4 protein chains.
Amino acid sequence: MIIVMQSHCSPEQVENVITFLEDRGLNGHLSQGVERTVIGVVGSVDITGSNGVTPELGESLEGLSGVESVLRVSKPYKLASREFHPKDTTVKVPVACVAGGSVTIGGNEVVMMAGPCTVESEQQLFTTAEAVRKEGAVILRGGAFKPSTSPYGFRGLGEAGLKLLDKARKEFGMAVITEVMTPTDVAMVSEYADMLQIGTRNMQNYMLLDEVGRTRKPVVLKRGMSATIEEWLLAAEYVLAQGNPNVILCERGIRTFEKMTRNTMDISAIPLIKRLSHLPIISDPSQGTGSRDLVTPMTLASLAAGTDALLIEVHPNPDVALKDGAQSVTIDQFKTLMPQAHAIAHAIGRKFVTD
Amino acid sequence: MIIVMQSHCSPEQVENVITFLEDRGLNGHLSQGVERTVIGVVGSVDITGSNGVTPELGESLEGLSGVESVLRVSKPYKLASREFHPKDTTVKVPVACVAGGSVTIGGNEVVMMAGPCTVESEQQLFTTAEAVRKEGAVILRGGAFKPSTSPYGFRGLGEAGLKLLDKARKEFGMAVITEVMTPTDVAMVSEYADMLQIGTRNMQNYMLLDEVGRTRKPVVLKRGMSATIEEWLLAAEYVLAQGNPNVILCERGIRTFEKMTRNTMDISAIPLIKRLSHLPIISDPSQGTGSRDLVTPMTLASLAAGTDALLIEVHPNPDVALKDGAQSVTIDQFKTLMPQAHAIAHAIGRKFVTD
Amino acid sequence: MIIVMQSHCSPEQVENVITFLEDRGLNGHLSQGVERTVIGVVGSVDITGSNGVTPELGESLEGLSGVESVLRVSKPYKLASREFHPKDTTVKVPVACVAGGSVTIGGNEVVMMAGPCTVESEQQLFTTAEAVRKEGAVILRGGAFKPSTSPYGFRGLGEAGLKLLDKARKEFGMAVITEVMTPTDVAMVSEYADMLQIGTRNMQNYMLLDEVGRTRKPVVLKRGMSATIEEWLLAAEYVLAQGNPNVILCERGIRTFEKMTRNTMDISAIPLIKRLSHLPIISDPSQGTGSRDLVTPMTLASLAAGTDALLIEVHPNPDVALKDGAQSVTIDQFKTLMPQAHAIAHAIGRKFVTD
Amino acid sequence: MIIVMQSHCSPEQVENVITFLEDRGLNGHLSQGVERTVIGVVGSVDITGSNGVTPELGESLEGLSGVESVLRVSKPYKLASREFHPKDTTVKVPVACVAGGSVTIGGNEVVMMAGPCTVESEQQLFTTAEAVRKEGAVILRGGAFKPSTSPYGFRGLGEAGLKLLDKARKEFGMAVITEVMTPTDVAMVSEYADMLQIGTRNMQNYMLLDEVGRTRKPVVLKRGMSATIEEWLLAAEYVLAQGNPNVILCERGIRTFEKMTRNTMDISAIPLIKRLSHLPIISDPSQGTGSRDLVTPMTLASLAAGTDALLIEVHPNPDVALKDGAQSVTIDQFKTLMPQAHAIAHAIGRKFVTD
């Protein structure tokens, strides 16, 4: 950590900073430059606070009089960082329909997760599941608890939806991923689901992160719509810090000034996360674009950039979907998408689990 | 609702849209323009869904083939809108120290809410409360449950913090406002607090909104850091829809590309909310700027733009604050701020409760 | 165009809007809905203003009393739109080193444009040109006039730089693309360059757009860093309206809250532009990310999403580059990138010009 | 300048950075921390490049292998900074109608600049000028050259518009401010105008900044719609570096995700600029909000936050304005606004020039 003092700061202000550091078991190393005084913090600032130095140290220093800015040299996350854990993390998910009975996310093989945005009925879910399974999807997505911007909107079938997902899992041998929205639902959702999804609006719902961190279920953590890469990794750190190592990050678009797409997919986040973290990174082009016609090109782009899996909304009849019909691809579109996705995967030396 | 068809759409696609509407008890009024076919939806689309038409109708229409875009003519919120409820809502808060035993937020009088970001100790809280009370604040703010970006950061004293707030209330005759972060805490926090605060990260935590909606406590709903005005009003609608009319909106800055301030305060949201809604709107210049030196000018700007109350972080010794020291003003700064705030209030024909 | 009136508007306000339209040779078609009065504009609103109705009509209507909002049904650009011109535009560029003496941008073949950010010396330029030519680039990029955020920064070699580019063209048989920054330089730059580049800061420099529109040189129009897709197409319309049909759009990242990359590349703009416009669309992953290590994955993602060409910064020794060294790939990195780019192109059924 | 090395960098990479610095006449001071190696740059890095070290040094260092990030300790602008020039700059503008024949911008007195968005006719201009003059405006705004997003839009009357402004100046004794859009127009516009305005789209039109820097006319430099505070001050530095000290900054809103207002006015930029720079800062609530009804509250907010002047669009009949009617206030609204503006100015201990 490096403290830059204001250009006309007084010797007392510098002294005060040094004392502040010493009170916390640290030392300040003074550099009197031509332009400014800079104080380097000597001693380890463990960001987990385990040496008594709190993560808020930087903020506190910024508040001291005479301080212009504080530059953090080390990353604010640890368990999620590649520095701390250089080897790729892989997350194993039980999938009955594949040889060996499981798939691995974060290895060389790419995984397709597909299904309806929201579970609406057994018929809708089963038709979709059967179709996407046939094309090579091995994990079934479907929302039972849905965040709705309007209080009058459809909020999902709840536990009845979970039961349908469970039934579909048995029928088609797929794993099931579904969203959990509040801490008290984690236990129930975990009974039915193989993977827990944390939605974009809940990326900083810390009590929910704590709770899924106490399970050992794979957690797909969607990027908050205005979350920086660093905040996203800190949210992953919450889950990891509770002891659950099975965290998968999911890029799903960020909020920008451009409104022609629902969100702006930040494809560069895929290689960036690979560099900064050992965690798998996957991509949701349905939420990322909000537009059915953009799902295929953004699926291919995500694959080319290195995504470990895809999460795609498919609906047998998007025109009557209860939610997000405009961004769900049809079964026919999904059939056309898959061979293109395979071709891109091969082009970069990877293959789909079901290849 | 108005449906704009693609320029080369087929008669079958138009027919399909008309049928889709009729299946839902609505009619489509066709306008064949020079440039495009436009379909006006005839019949009432009650956004509360009480006539069987769901709020997702627009989304569903956007997914129909041949449809280019769907224009919503009416607002997606109802209880929060000034159209539905033209008269200003005022929220009464019990405050022992003022004549009459309560203050009203949203009327002609302006209210000062001040206190530490986080409750750290009895001494810190009491020193601050005494000082801000003396200068004219009547509501004491202080966090017992704190959202921390890092899992290793300080997350507040919890119920012990609430007890200190309660003690301070009795001691200084102030009302207490504090944050509640998860549905299961609502009952407990409500025992100690006069006003419940929903933080920026929880603006779309719908189960939490439902839960505070079931109480009758005044709720201060902070704007999500990337929430549009419309999404913010829809979040208020959640609380109102559960029967709690005591909702107060709070502008606290939005996330933009500018990083020199922690957030960019959208002061224009104050008059905009006044126009669109009957709910009171207040301002948090501490979170809004993240910088102690900007709190006074942004307090004055908020008042000039019409804010109904202010929420300001004050710390007896910001240099040692456990959280957000850089944005807390000192007691001396607060003393200087108050007479300026009074002068601006008078200039626009308002006055502070304690005037 | 559709005019939505405020919910409590008066009959006089409606009448006033109708009269306003009639004064301009248009008619208003009134729809009295349950929720609101809506006025459809009948008669053609030619956005080129050639029927006497100005493009500002919408804005003027928004200013009328009682009007809540104005919805534009047709697109504000014409020459750039796929509706007006359904067939793909292809732009031919003379390139001595390829069979036939030219390449086509916007057809099935993909084109690689590469070279240094800035022309620094003959040696730097020639080393780079030779290397990228050998790997399959056919168009040489290099800045002679450079926008520098600081007035004290390097602003390019000017005409001397253009002369070096011209010399390199002759030596290596490549076409040359370079930036032009001000109208009075267009003639001179056109003497040396085969393609004119309009930089992100000049996307709305209308007098410059007019001037390059008066030439017939291919124009690469970079997206403004905060330009919407619509504003970008309107900027293209400026060039097209002057009679120059050879416009190529270039996605180079937009400004968002995320600062870990220099810009956020909006890969979805590639398929979106293909849908809205007939103009070729290319991609600049060097400017788009600002980081050397992200250039390869974002090149591959752009290709998978359908880009027609790539613009990549290469430097023989990025460590001593005068500008943007951090985002220039080395010659070795470029050598590794090209076969991967070929593989992705093949996977989607395209190939590079030099295949 | 401080260089942070990657956590696993090699001794050779560190050595290479040191050599790179020494080649440029600087020294690197090595700090081997627990977490990382940090290299402080010793020796003065004059950002004007006058000691041979270019402003791109930071970028170049970021490109060196093994470097994680480069932290700039000093500000990248000099002439515009308060550190270099602690005393407030005031800009004198000749105004015939006031006692003394001039007004000062940046002192204790506040200045009102008002007039139509665009000069449309003598009658429109004179009616407006007379009305705003009567209410206390002393500088007349009006566009003769207008940036239009559409090539088919109204682009202003050109020199004929300038002549009308000149005539109005003589008639009403006001100073005239008008926009200049391209370097070759600077001389002509300067003949007619007392102040030159650089519009938001041209904030980084460097050749235009150079050219107005060669005059001694007061220059009002609007903030680019996606410009950071730092980029804005660097644009001011361009003008100052050419020898023109009369630079006035103008906040006019930035582009964000919120679309209910045309832009989001960053009121906090007013006190921030006052802290970072000695230059006057003014406010344009018409462009800043795009909505007539928000002009008054945002005028008052700007004043409360410390603006030195206001730039307000007024139109005698906004319903028929050729441009930006929706954001122009009527003469009646302007009459109501002025006494409120006076009251706020008094509340913070300032007054209007004409008080």
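The values are calculated or read from the model by the stated rules, or taken from the named source; none is laboratory data. Bear in mind that the values here come from a model prediction, so they are computed numbers and not experimental data. Note: ideal-geometry Cβ built from the backbone for every residue, glycine included; neighbour counts use all protein chains shown.
Of the strands (runs of 3 or more DSSP E) that lie entirely inside segment D:29-103, those containing 1 or more residues that are more than 14 Å from chain C (Cβ to nearest Cβ) and over 25 Å from residue D:228 (Cβ atoms) span D:37-42, D:91-94.
Candidates in segment B:1-49 are the residues that are surrounded by 20 or more Cβ atoms within 10 Å (Cβ to Cβ) and out of contact with any strand residue (DSSP E or B) (no Cβ under 9 Å at 6 or more places or on another chain); of these, the one that is farthest from residue C:72 (Cα to Cα) is B:47.
Residues checked against (1) within 14 Å of another protein chain (Cβ to nearest Cβ); (2) surrounded by 24 or more Cβ atoms within 10 Å (Cβ to Cβ); (3) among the β-branched types (Val, Ile, Thr); (4) assigned to a helix (DSSP H, G or I):
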| position | (1), (2), (3), (4) |
| --- | --- |
| D:132 | no, yes, yes, yes |
| D:151 | yes, yes, no, no |
| D:157 | no, no, no, no |
| D:166 | no, no, no, yes |
| D:171 | no, no, no, yes |
| D:187 | yes, no, no, yes |
| D:197 | no, yes, no, no |
| D:217 | no, no, no, no |
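Once segment B:9-65 is narrowed to residues that are more than 32 Å from the chain's Cα centre (by Cα), among the acidic types (Asp, Glu) and under 19 Å from residue C:31 (Cβ atoms), the residue that is modelled with the lowest pLDDT is B:35.
Within segment B:173-185, being away from chain A (no Cβ under 14 Å) and in a loop (DSSP other than H, G, I, E, B) holds for B:173, B:174.
For segment B:238-255, which residues satisfy the criterion of being more than 16 Å from residue A:150 (Cα to Cα) and crowded, with 19+ Cβ neighbours inside 10 Å? B:244, B:246, B:247, B:248, B:249, B:250, B:251, B:252, B:253, B:254, B:255 - these are the residues of segment B:238-255 that are more than 16 Å from residue A:150 (Cα to Cα) and crowded, with 19+ Cβ neighbours inside 10 Å. Might you let me know whether segment B:134-146 holds any residue that is assigned to a helix (DSSP H, G or I), assigned by TED's automatic domain parsing to the domain that holds residue B:243, more than 22 Å from the chain's Cα centre (by Cα) and farther than 30 Å from residue B:37 by Cα? Checking segment B:134-146: at least one residue is assigned to a helix (DSSP H, G or I), assigned by TED's automatic domain parsing to the domain that holds residue B:243, more than 22 Å from the chain's Cα centre (by Cα) and farther than 30 Å from residue B:37 by Cα. Picking from residues in segment B:297-355 that are part of a helix (DSSP H, G or I) and β-branched (Val, Ile, Thr), the one that is farthest from the other protein chains (Cβ to nearest Cβ) is B:331.
Would a scan of segment B:68-85 turn up a residue that is at positive phi and at pLDDT below 95? Looking for residues that are at positive phi and at pLDDT below 95, one finds none in segment B:68-85, hence no. Quick one: in segment B:113-130, of everything that is within 14 Å of chain A (Cβ to nearest Cβ) and buried (at least 24 other Cβ atoms within 10 Å of the Cβ), which residue is nearest to residue B:190 (Cα to Cα)? Ranking the qualifying residues of segment B:113-130, first place goes to B:118. Count of segment C:104-130 residues, restricted to those that are assigned to a strand (DSSP E or B) and small (Gly, Ala, Ser), is 2.
Here is a yes/no grid of residues against (1) away from chain C (no Cβ under 12 Å); (2) of a type outside the set (Gly, Ala, Ser); (3) in a loop (DSSP other than H, G, I, E, B):
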position: A:244; (1), (2), (3): yes, yes, yes
position: A:248; (1), (2), (3): yes, yes, no
position: A:258; (1), (2), (3): no, yes, yes
position: A:261; (1), (2), (3): no, yes, yes
position: A:270; (1), (2), (3): no, yes, no
position: A:275; (1), (2), (3): no, yes, no
position: A:279; (1), (2), (3): yes, yes, yes
position: A:282; (1), (2), (3): yes, yes, no
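In this structure, residue C:278 qualifies as out of contact with any Gly (no Cβ under 8 Å at 6 or more places or on another chain), farther than 18 Å from residue A:301 by Cβ and assigned by TED's automatic domain parsing to the domain that holds residue C:154.
Taking the listed residues A:254, A:198, the one that is of a type in the set (A, V, I, L, M, F, W, C) and farther than 27 Å from residue A:102 by Cβ is A:254, with no other qualifying. Working only within segment C:34-70, note down all residues that are acidic (Asp, Glu) and farther than 18 Å from residue C:81 by Cβ. Hits for segment C:34-70 are C:35, C:56, C:59, C:62, C:68. Scanning segment C:220-242 for residues that are more than 7 Å from every other protein chain (Cβ to nearest Cβ) and outside any helix (DSSP H, G or I) yields a count of 7.
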